[in-house]
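Below is one structure; the comments refer to it alone.
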Amino acid sequence: MKRREIFAGNWKMYTTLSEALALIEGIIKGLGDIANREIVVFPPAVHAREVVKACGNKIAVGLQNMYFEKEGAFTGEISPLMVKDVGARFILIGHSERRHVFGETDEMINRKIHAALDVGLEPMVCVGELISEREAGNSEKVVETQLKAALAGVARDQMNKVVIAYEPVWAIGTGKVATPEIAESMHQSIRNVLKALYGAEIATTVPVLYGGSVKPENIKGLFSQENIDGVLVGGASLTAKSFLDIIHVQ
Ligand code: PEP
């Protein structure tokens, strides 16, 4: 079964505008032939319009966060329509830093996914367990609960717009990458949850990415796994060379 292959870079709260544009220029210069691979970057929101322009049709752009309301007195927030209007195609939802630094709940994440789909954005939904949850043997259960809560009320025919990213919290920004076996096993478990919710066809076609300390040195082992369709990269997406080395994995 051939699935979409997606390589995404989350720039978090890094880059000035000139650094962001230089990074995109470097990535585009080195992109070469990537066949059907889809490349997505998630720049800081304030750079989005310029980054969209610089990306042209080679690289898709997403934003890292948005609020679920259409508009209103929500100082500091960005609405789904604003994300769409700036030219973004994707929206990252439920990243572990949103959950654990900013206290986003499963319910907020679910509302954001609905709000994104309603305006035609493609949500990249992040799930993943804490180290304490893994050590207690609860990883699969935690991820299943997050996934079911996130997707509550999302219809079958909306699932072709959804991407899942498995990002174990203990692997994000720590240099402790999950082994290919740990990641593959969780990706299979995620497909089982999708199968129970939506049936076999959707379970096999929804792209499931891995994220957490992905580097050029460990991408090969991860991407060679049957159920890993690409990666969501933080730190290593901030230099063109390391992101390109990841994108070009064979
Ligand atoms: C991320 O920000 O989603 C991430 C996986 O970060 P890093 O690659 O730096 O662990």
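Residues of the stretch 164-205 that are surrounded by fewer than 21 Cβ atoms within 10 Å (Cβ to Cβ), modelled with pLDDT of 95 or more and outside any helix (DSSP H, G or I): THR179, GLY199.
Condition check ((1) assigned to a strand (DSSP E or B); (2) more than 27 Å from ALA203 (Cα to Cα); (3) open to solvent by 60 Å² or more (accessible area, probe 1.4 Å)) across all residues:
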residue	(1), (2), (3)
GLY9	yes, no, no
LEU23	no, yes, no
GLU50	no, yes, yes
TYR67	no, yes, no
THR75	no, yes, yes
ARG98	no, no, no
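The selection criterion, being within 15 Å of the ligand (Cβ to nearest atom) and within 16 Å of the chain's Cα centre (by Cα), does not hold for VAL143. Within the set LEU222, LEU238, LEU209, the sole residue that is in contact with a Pro (Cβ under 8 Å, 6 or more places away or on another chain) and within 15 Å of the ligand (Cβ to nearest atom) turns out to be LEU222. Residue pairs whose Cβ atoms lie under 7 Å apart, sitting 6 or more positions apart in sequence or on different chains, and linking a residue in the stretch 213-242 that is polar (S, T, N, Q) to a partner that is assigned to a helix (DSSP H, G or I) and within 11 Å of the ligand (Cβ to nearest atom), are SER213/ALA171; SER237/PHE243; SER242/ALA236.
With respect to the conditions (1) surrounded by fewer than 17 Cβ atoms within 10 Å (Cβ to Cβ); (2) in contact with a Ser or Thr (Cβ under 7 Å, 6 or more places away or on another chain), GLU129 lacks only one, and its number is (1).
Checked against the criterion of being closer than 30 Å to ALA20 by Cβ, acidic (Asp, Glu) and under 17 Å from the mean Cα position of the chain (by Cα), the candidates GLU69, GLU122 yield just one match: GLU122.
The values are calculated or read from the model by the stated rules, or taken from the named source; none is laboratory data. Just so you know, these numbers come straight off a predicted model, no measurement behind them. Reconstructed Cβ throughout: ideal geometry from the backbone, glycine too, with neighbour counts over all protein chains shown. Side chains included, ligands, DNA and RNA excluded: accessible areas come from the protein's heavy atoms. Shrake-Rupley method; radii C 1.70, N 1.55, O 1.52, S 1.80 Å.
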